[in-house]
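Inspection log for the structure reproduced underneath, given as structure tokens.
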Amino acid sequence: SLQNEINEVPFFDVQLPYELALKIFQYLGKAELGRCAQVSRTWKVLAEDEVLWYRLCQEEGYLLDSSISDHSCWKLALQTCRAREHTLKTNWKNRVGAVSQLRYELGKVLCGVHSWDGVVIAGYSSGEVRLWDTHTWDYTAPILEAVQGPGDAGPRPHVSFVRINSSLAVAAYEDGTVSVWNLLLGREPIHHYQHNQRIQALALGPEGAAVATASGFEVKVETPHDRGFWQTTGTFEIQKLVNFLNLVPDVTGSPVAVAAAEDIVYVLKAEDPGRVLHSVYGQPVTCLDVTARQAAFGVKTFGWLLNEPNQILLYNLETSQCLTKVGNSIGDFTCVNLHDSPPHMLVAGNKDRRVRVFDLRRSESVCSLYAHQLGVSAVQMDDWKIVSGGEEGLVCVWDQRMGTKLWEMHARHPVRHVWFDSHRLITANIPEEKNPRGSSITDDDLTVHRKYRGIIYCYDFSVDQLSGDSVLPICRSSYDELTGYNYNIGLAVPYDSI
């Protein structure tokens with residue numbers, strides 16, 4: 001090829017070795033490389049060198065796991081990735097894609113939902129725990145088996161909480177028992193332990209094998225040791241009842257938990273048990289989220305402290321210093337998401353119906369979105385959009401820069417779980433009432449009380465799903481009805497007068 005024949009590159013009035021010229025070109029962006037390619041044949045070969053485009057591809061966050069030999073033309077690979085991202089963004093904005101209900105009829109009432117990288121775990125009032133892998137779209141939903149004792153012939157206790165990460169699934173039950181499954185080893189639990197009282201909080205880190213549970217005034221941390229046998233690595237006694245519990249991700253050595261118990265926030269680790277991160281008497285914590293180095297939580301103040309409204313506090317976990325306080329709200333902050341947000345950003349929902357995005361460097365609100373009639377219950381953001389869920393059952397998707405609502409979806413029950421990545425969105429509406437009116441254990445009629453059971457939705461906005469069959473139901477009109485609404489044309493019109 002011509003590239004192999006070029007030893008020296010004419011650089012204005014000097015001749016440079018190819019490798020040195022390549023090093024200079026590494027400082028150029030896509031547009032500059034395109035202009036350089038028009039200078040001469042030699043510069044064109046240099047500007048289209050695979051090393052340059054491979055590096056640009058990696059810098060923009062595409063194909064990070066690939067090596068340079070995986071593609072023959074990295075310029076084309078970058079073009080394809082950018083076009084796919086543009087299509088996904090357009091599909092998100094116009095709500096084009098496939099939507100599925102992850103419904104399990106025999107499972108009675110939905111009690112808890114969690115997801116990790118598109119794998120959804122759900123626990124039901126029948127005591128069953130189910131998994132869906134939304135990568136495959138064959139929703140058979142295997143059941144994770146519970147530990148059965150000799151006297152367990154009667155109805156099983158409700159599932160209180162479920163959590164999932166890359167390798168483990170965990171469920172906590174109403175009777176204080178906890179089961180842990182390894183997703184690679186099948187449906188039988190690999191570990192099982194018991195609390196004396198009802199469990200108030202369950203935590204599982206995004207990676208690694210550590211489970212934390214809070215019951216009564218006790219927090220337990222369970223991990224497997226070197227040979228794979230599980231053991232209790234920490235038991236912490238706390239003076240108050242724990243409301244929120246998180247495990248700190250990316251910790252080397254023994255696990256670290258952050259627990260919010262009424263008006264005190266603790267950092268719990270084996271070497272330093274019960275370190276108090278924050279405590280102001282009479283100001284309870286209303287929500288909590290942690291990253292590897294920071295913890296963010298909402299604090300509720302009361303009427304006699306009118307000079308200090310409800311706020312979100314950000315603490316450094318290593319130094320125990322308060323880094324910043326954001327928010328200035330009359331309502332309580334009900335949910336906060338720090339770990340999924342872009343760097344230096346935080347998104348929070350409030351009882352005052354607003355979703356707020358804060359820039360932590362300036363300690364101020366970037367945007368405030370008014371949406372949910374009964375308060376915000378779940379929220380997540382990325383670099384351009386926000387998805388929020390409310391107590392009234394509404395899911396809203398927002399364009400953050402424009403501060404506008406792109407679309408919304410409503411179901412009967414409060415939205416308790418929202419998760420999305422580049423092309424998927426998973427939402428869960430979970431009923432408050434676990435025993436619907438008129439239902440009983442002997443009630444076998446599957447159609448009765450369906451509306452009380454709760455529902456999980458999975459949306460797929462990816463390019464592959466854009467065939468005519470997979471357009472959302474609201475966009476599949478046969479034009480038989482007199483009036484309707486189509487998100488693709490953005491108008492509410494009588495079809496016969498289009």
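When the range 393-413 is filtered for residues that are open to solvent by 10 Å² or more (accessible area, probe 1.4 Å), outside any strand (DSSP E or B) and farther than 29 Å from D359 by Cβ, the ones remaining, listed by number, are A411, R412, H413. A search for C-beta distances below 7 Å between a residue of the range 168-194 that is within 17 Å of T223 (Cβ to Cβ) and any residue that is part of a strand (DSSP E or B) and basic (K, R), counting only pairs 6+ apart in sequence or on different chains, returns V170/R163.
Taking the conditions exactly as written (open to solvent by less than 70 Å² (accessible area, probe 1.4 Å) and more than 30 Å from A169 (Cα to Cα)), does S72 satisfy them or not?
Working: open to solvent by less than 70 Å² (accessible area, probe 1.4 Å): no; more than 30 Å from A169 (Cα to Cα): yes.
It is false that S72 is open to solvent by less than 70 Å² (accessible area, probe 1.4 Å) and more than 30 Å from A169 (Cα to Cα).
Checking each residue in the range 11-36 for being under 14 Å from Q79 (Cβ atoms) and in contact with a helix residue (DSSP H, G or I) (Cβ under 8 Å, 6 or more places away or on another chain) picks out K30, L33, G34.
Exactly one condition in (1) open to solvent by 40 Å² or more (accessible area, probe 1.4 Å); (2) not in a loop (DSSP other than H, G, I, E, B) is not met by A77; state its number. Of (1) open to solvent by 40 Å² or more (accessible area, probe 1.4 Å); (2) not in a loop (DSSP other than H, G, I, E, B), only one is false for A77: (1).
Within the range 352-363, is there a residue that is within 22 Å of the chain's Cα centre (by Cα), without any contact (Cβ under 8 Å) to a residue 40 or more places away in the chain, in a strand (DSSP E or B) and closer than 30 Å to G454 by Cβ? Before you say what the answer is, go through the steps one by one.
Here is the first cut: in the range 352-363, the residues within 22 Å of the chain's Cα centre (by Cα) are 353-360.
Next, only the ones that are without any contact (Cβ under 8 Å) to a residue 40 or more places away in the chain stay: 353-354, 356, 359.
Next, from what is left, pick out any that are in a strand (DSSP E or B): 354, 356, 359.
Those still in the list that are closer than 30 Å to G454 by Cβ too: 354, 356.
Scanning the range 352-363, I find at least one residue that is within 22 Å of the chain's Cα centre (by Cα), without any contact (Cβ under 8 Å) to a residue 40 or more places away in the chain, in a strand (DSSP E or B) and closer than 30 Å to G454 by Cβ, so the answer is yes.
When the range 174-211 is examined, which residues are found to be aromatic (F, W, Y) and open to solvent by 10 Å² or more (accessible area, probe 1.4 Å)?
Of the residues in the range 174-211, the ones aromatic (F, W, Y) are 181, 193.
Answer for the range 174-211, where residues must be aromatic (F, W, Y) and open to solvent by 10 Å² or more (accessible area, probe 1.4 Å): just Y193.
I need the strands (runs of 3 or more DSSP E) fully contained in the range 207-301, keeping only those with at least 1 residues that are modelled with pLDDT under 95 and among the acidic types (D, E). Hits in the range 207-301: 218-224, 230-237, 272-279.
I need the full set of residues from the range 206-245 which are over 19 Å from T177 (Cα atoms) and not basic (K, R), in order please.
Step one: of the range 206-245, the residues over 19 Å from T177 (Cα atoms) are 206-208, 225-228, 238-240.
Matches in the range 206-245: P206, E207, G208, H225, D226, G228, I238, Q239.
The values are calculated or read from the model by the stated rules, or taken from the named source; none is laboratory data. None of these values were measured; they are calculated from a predicted model. A quick note on method: Cβ atoms are made from the backbone with ideal geometry, for glycine too, and the neighbour counts reach across all protein chains shown. For accessibility, only protein heavy atoms count, side chains too; no ligands or nucleic acids. Shrake-Rupley method; radii C 1.70, N 1.55, O 1.52, S 1.80 Å.
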